[in-house]
Amino acid sequence: MSGETVKLISAEGFEFVIDKKAACVSKTIHNMLTSPGSFAEREHGEVTFPEISTTILEKICQYFHWSLQYASHRCAYLCKLHLSVPSGKETEFHIEPELTLELMMAANYLHT
Amino acid sequence: MGGACSRKRDPQVNEESLHRGVSGRFCKTGSLKWLGRSSSRASVDVKPGQGRCTSLMELCILKICEDINQYTSLSMLPRDISQQVFDELVYSQRLNDIILETFRDCALEDLNLGDYPGFNDRWMEVISSQGPSLLSVDLSGSGVSDSLLVQLKDCENLQALNFNYCDQITDCGLKYISGFLRLTTLSLRRNSSLTAQGMSALSKLVNLVKLDVERCPKIHGGLAHLKGLTKLEYLNLNCCNCVEDADMNDISGLANLKSLHISSSMVTDDGVSFLKALKKLTLLNMEGCPVTSACLESLSALGALLYLNVSRCRFTDDGCDKFAGLKSLKVLNLAFNDEITDAILVHLRGMTSLETLNLDSCRISDEGMENLAVLYCLKHLELSDTNIGNNGLQHISGLGNLESLNLSFTVVTDGGLRKLSGLSSLKFLNLDSRHITDNGLASLTNLTGLTHLDLFGARITDSGTKHLRCFKNLRSLEICGGLLTDYGVRNIKDLTSLTVLNLSQNYQLTDRSLEFISGLTQLVSLNLSNSRITSGGLRHLKTLKKLKSLTLESCKVTANDIKNLQSTALRELVSFRPQ
């Protein structure tokens, strides 16, 4: 597996290279990259999603990063490092209404 | 997440009367019922900024609910997802005729619409459109009628039906219900139309495990039709004032019965004798029944019995020696049997598994208390309104597992409280009594695990409040003895875990107190009635974003003042006074 990044490939063949840690926000992807049964995924650090369109996969990758960022802010806060925790709009993850249904199906599949 | 996790079909069993005691017989704080919702949030349970990160699934569900008017149908969604959207709409009270239509033919499994406002005939069409997928329906308090029940006929897999407070369901409706042969749970509370004849329809429901007909006043004789329901484990006949001894005979063969509620019925000792064959019975609630200590002989045959509630019955000392046969009991409620005296406590000595004991308003005193000293498993002890004094406390000072203790309206004084200082497991302590003062509080300061402290009528002054600083874990505090001023409230401001605060009746408190309280951001309920609080001070409460209940009776505050606060800052507020 190449370093700490993984490649997520959409139905149309678009490739998203993201931090493995971010991708593993999805329990499904985490399992694919670690379980003994998923040899190809583990070996190459690549996962193909024939059912997820590029637009949706991009949105999901954005969520992964948003989620990590959120977690790190929480952590910093809890550790009382007195870093400013973004508030209000900054912490919201925006979802376009026209994407919601498809995104929700994908989120359900990815256990995210 | 996951739809399967969102299913809650069990009836809301209220066993509060069994365990009742230390957490407060009377809700002095006011409006606490609002602190918990009757409908539990099934799926989406967090908002950004409240602990763990919101999942993408949860965000999508919230988004769909927000834009729900833009969707005409959600039937293309997998059932478990549409179920979560539905549950969220119910929780957030956004469901109406039009939105409900969106869920037609969604193959939903659970429609928990108990006490949901706005039910009408059209709802039933959508409900029945779920067809064989539908497993549970709760339409409690809805006004659903017999004729609408017919529409459910295609929902042949129904397992749970809750039609509590549905007065328009009659015996005829029960006939339709009897067609659901897979039914395991049926709840028909407070229905004055159901009769014994109607109950005959239930004889077909051989898979029934739970049946709740609480407050159905005409079902006497109807229990005979339950004889074949051998899977029945839970039967609630509370407040069926028509139920009498013969009815107990009718259910005596239900060998799998584990939980039987007959409180406030007419069952006497003779009726209880029919229950001897219920060898699996673990819970028996007979609160308010005309039974005496003589029934203990029958109860001794119930080897599995763990929970027994005989509060407000006609128990006397005579015959109480038979308590010796109930050694396995974990919970015993003897409250309000005011002829019971110290003499019976000796018979409780052998109940070494006892975890909860309620002796509220029994005629007991220090003399009998030594018998409780060996009940090392005791976690909850209710001694309110008894003659227990300082000497009696000596005997419970070694009960290290005690988590809650109610000494309200006893004759315990400050001098006795130091005997409690070793009870390090204590979380709930009720000292609502005029005999308790600052000095008593001072001797409790090492009880740092306390989460609930009730000093409602105690004579606590500003000087005494400095001891409260030791109770950092306090979530609920009541001090209403009338002696506090703003200086005292200053000592409360650091108790940041508080969710419930009642400082009513302290007529000297001013808006300055609200300044101190403004930092208690976890508060869910606040009561400052009968004080000098004015509308001008309300601005200090804007920080209390979690506040659901605010009571400011007899203050210089109007309902409109509070409504303004509600609309601008306190969105969670659901109950307030003045109204």
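Here are the numbers for the structure shown:
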quantity	calculated
Residue in the range A:76-88 that is surrounded by 19 or more Cβ atoms within 10 Å (Cβ to Cβ) and either at pLDDT below 90 or outside any helix (DSSP H, G or I) (or both) present	no
Out of B:Ile98, B:Ile81, B:Ile127, sole residue that is touching a residue at least 40 places away in the same chain (Cβ under 8 Å) and among the β-branched types (Val, Ile, Thr)	B:Ile81
Residues located in the range B:308-326, provided they are within 28 Å of the chain's Cα centre (by Cα) and at positive phi	B:Arg312
Wholly enclosed strands (runs of 3 or more DSSP E) of the range B:176-284 bearing at least 1 residues within 28 Å of B:Cys320 (Cα to Cα) and open to solvent by less than 40 Å² (accessible area, probe 1.4 Å)	B:234-236, B:259-261
Qualifying positions in the range A:31-54 - in a helix (DSSP H, G or I) and open to solvent by 80 Å² or more (accessible area, probe 1.4 Å)	A:Asn31, A:Phe39, A:Arg42, A:Glu43, A:His44
Residues within the range B:539-556 that are open to solvent by less than 10 Å² (accessible area, probe 1.4 Å) and outside any strand (DSSP E or B), tallied	4
Residues located in the range B:522-537, provided they are open to solvent by 10 Å² or more (accessible area, probe 1.4 Å) and over 23 Å from B:His452 (Cβ atoms)	B:Arg532, B:Thr534, B:Ser535, B:Gly536
Of all residues making up the range B:329-369, the number that are open to solvent by 40 Å² or more (accessible area, probe 1.4 Å) and under 23 Å from B:Lys427 (Cα atoms)	4
Helices (runs of 4 or more DSSP H) contained entirely in the range B:48-164, each with at least 2 residues that are within 14 Å of chain A (Cβ to nearest Cβ) and under 31 Å from the mean Cα position of the chain (by Cα)	B:56-66, B:79-91
Test: B:Leu393 is open to solvent by less than 30 Å² (accessible area, probe 1.4 Å) and either within 26 Å of B:Ser263 (Cβ to Cβ) or at pLDDT below 95 (or both)	no
Flag for B:Phe315 being over 21 Å from B:Glu233 (Cα atoms), buried (at least 22 other Cβ atoms within 10 Å of the Cβ) and in contact (Cβ under 8 Å) with a residue 24 or more places away in the chain	yes
Residues that are open to solvent by less than 10 Å² (accessible area, probe 1.4 Å), more than 14 Å from B:Leu468 (Cβ to Cβ) and in contact (Cβ under 8 Å) with a residue 40 or more places away in the chain, drawn from the range B:492-511	B:Ser504
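The values are calculated or read from the model by the stated rules, or taken from the named source; none is laboratory data. The shown structure was predicted, so the numbers you read here are calculated from the model rather than taken from an experiment. Here the Cβ is made from the backbone with ideal geometry for all residues, glycine too, and neighbour counts use every protein chain on show. Just the protein is used for accessible areas: all its heavy atoms, side chains included, with ligands, DNA and RNA removed. Shrake-Rupley method; radii C 1.70, N 1.55, O 1.52, S 1.80 Å.
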